[in-house]
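Peer 1: Take a look at this one; I'll ask things after.
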Amino acid sequence: MTYFLCKMILPRSDFIQTMTDSERNIMKAHGDYLQSLAEVGSIVCHGPVDDPKGGWGLSIFSAKDQTEVERLTAADPIILDDVGATYEILPMKQLRMKGAS
């Protein structure tokens, strides 16, 4: 398996503070989707980043290749609902974790 750092870039810098009810529902579906991937081992961890320049999301995917990560991120509700969010996908040379040999 290879690990990939995925940065979900929100459509506007104040998105978290100014979400509409519809966008809030999409964000909930997005979080639920990522958690479902974590439950089956496709994601190691995920969560929001509180960047002073504007929030964004971080996920570490575990996949056989970048094509698989692209397929999984394309199925994310925040992408499917076309609110303007995008993903940057970056392969990691290695990932070290607590308890790993």
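Peer 1: In segment 1-44, which residues are in contact (Cβ under 8 Å) with a residue 24 or more places away in the chain, in contact with a helix residue (DSSP H, G or I) (Cβ under 7 Å, 6 or more places away or on another chain) and within 17 Å of residue 64 (Cα to Cα)?
Peer 2: Within segment 1-44, 4, 6, 37, 42 qualify.
Peer 1: Quick test for you: out of 73, 18, 2, pick the one residue that is of a type in the set (Val, Ile, Thr) and exposed (fewer than 11 other Cβ atoms within 10 Å of the Cβ).
Peer 2: When all the criteria are applied, what remains is 18.
Peer 1: Tally up the residues in segment 45-67 that are surrounded by fewer than 16 Cβ atoms within 10 Å (Cβ to Cβ) and either over 17 Å from residue 17 (Cβ atoms) or in contact (Cβ under 8 Å) with a residue 60 or more places away in the chain (or both), please.
Peer 2: Result for segment 45-67: 7.
Peer 1: (1) within 19 Å of residue 4 (Cα to Cα); (2) of a type in the set (A, V, I, L, M, F, W, C); (3) out of contact with any Leu (no Cβ under 7 Å at 6 or more places or on another chain); (4) modelled with pLDDT of 95 or more: which one isn't true of residue 60, the others all being true?
Peer 2: Failed condition: (3).
Peer 1: Ok, one more. Picking from 41, 84, 57, which residue would you name as being on the phi > 0 side of the Ramachandran plot and in contact with a Pro (Cβ under 6 Å, 6 or more places away or on another chain)?
Peer 2: Going through 41, 84, 57 in turn, the sole match is 84.
Peer 1: Next up: State which residue pairs qualify: first residue within 21 Å of residue 19 (Cβ to Cβ) and inside segment 78-95, second residue among the small types (Gly, Ala, Ser) and exposed (fewer than 11 other Cβ atoms within 10 Å of the Cβ) in any location, beta carbons under 9 Å apart, and separation of 6 or more residues or different chains.
Peer 2: 80/74; 81/22; 83/22; 87/74
The values are calculated or read from the model by the stated rules, or taken from the named source; none is laboratory data. Everything numeric in this text was worked out from a predicted model, so none of it was measured. So basically every Cβ, Gly included, is an ideal-geometry build from the backbone, and we count neighbours across all protein chains shown.
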